[in-house]
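A short write-up of the structure that comes next.
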Amino acid sequence: MGESEEMFDAVVVGAGSAGLSAALHLSRFRLRTRVYSWGEPRNYRSHGVHGLLGRHGCLATDLLGEGRREVEMHGGQVIDDEVTDLHRAADGTFTVCSRNEPPVRARRILLATGVHDTRPVGISGFEFFWGKSVHHCPVCDGWEVTGKEVVVLGSGRPVAGLTLNLATYTDRLTVLTHGDEPDFDDDVQAKLDARGIRVRTERITALVGPTPDKLERVVFESGDDLSAEALFFNFGHTLRGDLHLKLGCQIDEQGALRVDAQNETTVPGVFAAGDLTPNSHLVTVALAEGARAAICLRTSLLPDWQRV
């Protein structure tokens, strides 16, 4: 790579809560920082970020917009461009290639690309309600369905766990497997039975309601329907993109990016924060993890004269 390529202390890949939190701290450390932003964050359609002290209920787009301005206010760069490739050189620095900008070099990389939720196919209206009355996170949106008629979509132990978690908020729960066998062992089934939680296996054709925040019923392939004021789903998720693979970062047994106590991946000089790591998938956690990763990244760059 040519010597004319611009050099940054840190390049943050991804501009969600974790990425911007990291970039804000890195910029305040007076490190030359660039953030690459593309695509939509996981929670961009959410009706509000819940449980964020002092900002409870704010829109994710507003939170991230303000975060971006704060990064830039402290000298960080945030550009709208997709990173297409990352290379680690023999000297431990990195080359960052993007779709529209010239390649740049970086002393450290911080991955904050997040995950993609696997969503069901063939259900009319799912995208219409998603983020308003269709959710995936009981910690984020459980309180808001207190006492409501709630259906939980998925199969196997994960959906059973999600349903029992939601029993904190309502006793009006039904599991929908969308044509799959429930695959619950006797212990799980007994727990569902003890709470009076029904399991229905019919395939779903549509979700119906007048507005995105007003789901009213689930329609089955048979033509039968079921009253529902909210739907939660769990079909798992996958890491977004393949940049971690191009760098050679290892994945743990749960499919998350493996990081150590300093949020450094198995590739020296590559840090990670947010939903792609093993921690809880919450904005509050992502913000904290981004800050911690930035602190550890900065520590790795300290010259000898600053180390005591």
Within the chain, pairs of Lys residues whose Cα atoms are less than 23 angstrom apart, provided they are eight or more positions apart or on distinct chains, add up to 4
Calculate how steeply helix 60-73 sits against the longest principal axis of the alpha-carbon atoms of the chain, using the helix alpha-carbon long axis, and give the answer as 0 to 90 degrees to the nearest 10.
10
Which of SER133, PRO41, LEU297, positive extreme of dipole for the chain (C-beta unit charges):
LEU297
Just reorder VAL35, VAL208 by solvent-accessible area, largest first, 1.4 Å probe, all chains present.
VAL208, VAL35
Please identify every one of the chymotrypsin sites (Phe, Trp or Tyr not before Pro) in the stretch 36-81 that sits in a loop by DSSP and has no more than 14 other beta carbons within 10 Å of its own beta carbon.
TYR44
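For TRP143 and THR84, calculate 0.36 nm times their separation in residues minus their Cα-Cα distance, and state this gained length in nm to one decimal.
Gain on extension, TRP143 to THR84, equals 17.3 nm.
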Just subtract the alpha-carbon distance of GLU70 and GLN262 from 0.36 nm times their residue separation and send over the number in nm, one decimal.
66.7 nm
Estimated 222 nm signal from helices in the chain, with DSSP H stretches of n ≥ 4 weighted -39500 (n - 2.57), rounded to 500:
-7000 deg cm²/dmol
At what distance in nm do the modelled label points of LEU226 and LEU53 sit from each other, each positioned 7 Å from its Cα along Cα→Cβ?
3.9
Once R0 is set to 51 Å, what does the formula 1/(1 + (r/R0)^6) return for the Cβ-Cβ distance between LEU302 and THR61, expressed as a FRET efficiency to the nearest 0.05?
0.90
By the scheme Lys and Arg +1, Asp and Glu -1, what is the net charge of all other residues having a beta-carbon under 13 Å from that of ALA261?
-1
Taking Cα atoms only, helix 17-28 is inclined relative to the longest principal axis of the chain by an angle, in degrees rounded to 10, of 20
Helix 157-166 vs. the chain, principal-axis angle (Cα, 0 to 90°, nearest 10)
80
Lys/Arg Cβ at +1, Asp/Glu Cβ at -1, dipole of the chain taken about the Cα centre: which of LEU215, SER155, THR201 is farthest positive-ward?
LEU215
Using modelled amide H (1.01 Å from N, peptide plane; none on Pro or chain starts), what sits under 5 Å from the amide H of VAL35, excluding residues fewer than 5 places away?
VAL12, GLN77, VAL78, ILE79
Net charge within 14 Å of ASN234 by Cβ-Cβ distance, Lys/Arg positive one each and Asp/Glu negative one each, not counting ASN234 itself?
-2
Length-normalised contact order for the stretch 1-130 - Cα pairs under 8 Å, 6+ apart - percent
32
Dipole magnitude (debye, nearest 20) for the stretch 212-304, charges at Cβ of Lys, Arg, Asp, Glu
460
Please list, short to long, the whole-number percent of alpha-carbon pairs of the stretch 203-276 in consecutive 5 angstrom bins beginning at zero.
3, 13, 18, 13, 7, 6, 9, 11, 12, 7, 2, 0
Which label belongs to the value computed from this structure, given these candidates for percent of Cα pairs over 32 Å apart: (i) 30; (ii) 35; (iii) 22?
(ii)
Which whole-number percentage describes the relative contact order of the chain, with Cα contacts under 8 Å and a sequence gap of 6 or more?
21
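The values are calculated or read from the model by the stated rules, or taken from the named source; none is laboratory data. Quick caveat: nothing in here was measured; it's all calculated off a predicted structure. Every residue, glycine among them, receives a Cβ derived from its backbone with ideal geometry; neighbour counts consider all protein chains shown. Ligands, DNA and RNA are stripped out before the accessible areas are found, and what is left, the full protein with its side chains, is counted by its heavy atoms. Shrake-Rupley method; radii C 1.70, N 1.55, O 1.52, S 1.80 Å.
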